[in-house]
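Everything below concerns the one structure shown next.
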Amino acid sequence: MDILLYSAKGSNSSERVQWVLNFKGIPYQIVEVSSQALNSTYLTINPFGYVPSLAVNGVVFSESMAIAEYLEERFPRRSLLGENLNERTHIRRVCEYVNGSIHSPQNRTVLQFLRPDIDEVSKRQLRGEWIMHCLEKLSTSLCHESGYAIGHGFSLADIFVASIYKKALQHGCCGHAFYNRHLMFIRQNDSVMASEPPAYSPD
């Protein structure tokens with residue numbers, strides 16, 4: 001099976017998919033997409049101009065949550081969607097909140113469209129502040145049964161939460177005690193730690 005993950009440096013959404021692939025032990029190759037290609041040649045792969053995209057034997061899928069759901073169904077080993085319907089629903093709720101309410105408004109292209117008047121440093125600060133503002137609300141509904149976000153096992157909720165929190169730290173935000181504890185807890189699981197994508201380091 002030929003699997004290609006189209007990614008870009010610093011892409012939070014791509015990190016989510018890479019974490020899923022790694023955790024499930026699915027072989028794949030990464031194709032790095034440059035910022036120039038995102039608005040030109042890459043559009044033939046994904047007309048939205050966003051990463052990630054996942055090509056499986058030539059069939060292309062896009063949007064990180066849709067890709068994660070596809071991988072969960074195609075490769076059910078080491079499930080990331082909980083033990084029962086209630087857990088699956090709560091996991092999806094967390095992922096949708098991170099994906100829709102937190103990630104989308106702070107997306108670089110969204111800010112470039114809505115706030116072309118502010119410089120890049122100010123945009124980074126605004127993006128970080130928005131993420132932490134939303135994560136503060138989310139914290140009240142996480143880790144009720146264990147150190148994992150939902151239930152007693154590692155799930156897509158942990159991946160989405162940890163990835164967006166790390167993005168806030170990259171934007172220069174101070175650490176948050178609750179989310180630091182969450183990161184430390186999930187990293188105690190050797191499989192989680194081994195599958196976590198390497199930290200992004202700006203050039």
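The values are calculated or read from the model by the stated rules, or taken from the named source; none is laboratory data. Bear in mind that the values here come from a model prediction, so they are computed numbers and not experimental data. Cβ placement follows ideal geometry from the backbone for every residue including glycine, while neighbour counts extend to all protein chains displayed. The area values use the complete protein model at the heavy-atom level, side chains included, leaving out ligands, DNA and RNA. Shrake-Rupley method; radii C 1.70, N 1.55, O 1.52, S 1.80 Å.
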Place a +1 charge on the Cβ of each Lys and Arg in the chain and a -1 charge on the Cβ of each Asp and Glu, then give the dipole magnitude about the Cα centre in debye, rounded to the nearest 20. 160
Quick check on the chain: of the DSSP beta bridges with both residues there, what percent are antiparallel, nearest 5%? 65
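What fraction of the DSSP beta bridges in the range 3-74 is antiparallel, stated in percent and rounded to the nearest 5? Before the final figure, lay out each step's value.
On the way: 8 of 12 bridges.
Within the range 3-74, antiparallel bridges account for around 65 percent of the total.
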What figure in square angstrom, to the nearest 10, would you give for the accessible area of residue 130 with a 1.4 Å probe? 100
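For the range 17-111, just say rounded, prolate or oblate: build the C-alpha gyration tensor, square-root its eigenvalues into a ≥ b ≥ c, call rounded for a/c under 1.5, and beyond that prolate if a/b exceeds b/c, oblate if not.
On the way: a/c = 2.57, a/b = 1.34, b/c = 1.92.
In terms of gyration-tensor shape, oblate.
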What accessible area, in Å² to the nearest ten, does a 1.4 Å probe give for residue 101? 50
Express the carbon and sulfur contribution to the solvent-accessible surface of the range 85-195 as a percent, rounded to the nearest whole number, probe 1.4 angstrom. 56
Treat every Asp and Glu Cβ in the range 85-195 as -1 and every Lys and Arg Cβ as +1, leave all other atoms uncharged, and give the resulting dipole magnitude about the Cα centre to the nearest 20 debye. 120
Would you please give the FRET efficiency between residue 120 and residue 177, computed as 1/(1 + (r/R0)^6) with r the Cβ-Cβ distance and R0 = 22 Å, to the nearest 0.05? 0.15
Charge dipole (the chain, unit charges on Cβ, about Cα centre) - positive-most of 54, 6, 144: 144
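Find the accessible area per residue for the chain; the probe is 1.4 Å, ligands and nucleic acids are left out, and the unit is Å².
Working: 10440 Å² over 203 residues.
Accessible surface, normalised per residue, equals 51 Å².
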Evaluate the relative contact order of the range 1-147 (contact order divided by residue number), counting alpha-carbon pairs under 8 angstrom at least 6 apart; express in whole percent. 19
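Within the chain, how many lysine pairs that are 8 or more places apart, or on different chains, have C-alpha atoms less than 20 Å apart? Write out the running numbers ahead of the final one.
Working: 9/123; 9/166; 9/167; 123/166; 123/167; 137/166; 137/167.
Final tally of qualifying lysine pairs is 7.
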With a cap of 12 neighbouring Cβ atoms within 10 Å, and only residues DSSP puts in a loop, list the trypsin sites (Lys or Arg not before Pro) found in the range 34-117. 77
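Between the DSSP loop rule and a limit of at most 12 other Cβ atoms within 10 Å, which GluC sites (Glu not before Pro) in the range 99-180 are left? Could the numbers behind the result be given before it?
Working: sites: 120, 129, 136, 145; in loops: 145.
When the GluC sites (Glu not before Pro) of the range 99-180 are filtered for loop state and at most 12 Cβ neighbours within 10 Å, 145 remain.
How large is the Kirkwood hydrodynamic radius of the range 30-74, in angstrom, based on all distinct alpha carbon pairs? Can you show the working numbers first?
Numbers: mean 1/r = 0.0907 Å⁻¹.
Kirkwood radius, the range 30-74: 11.0 Å.
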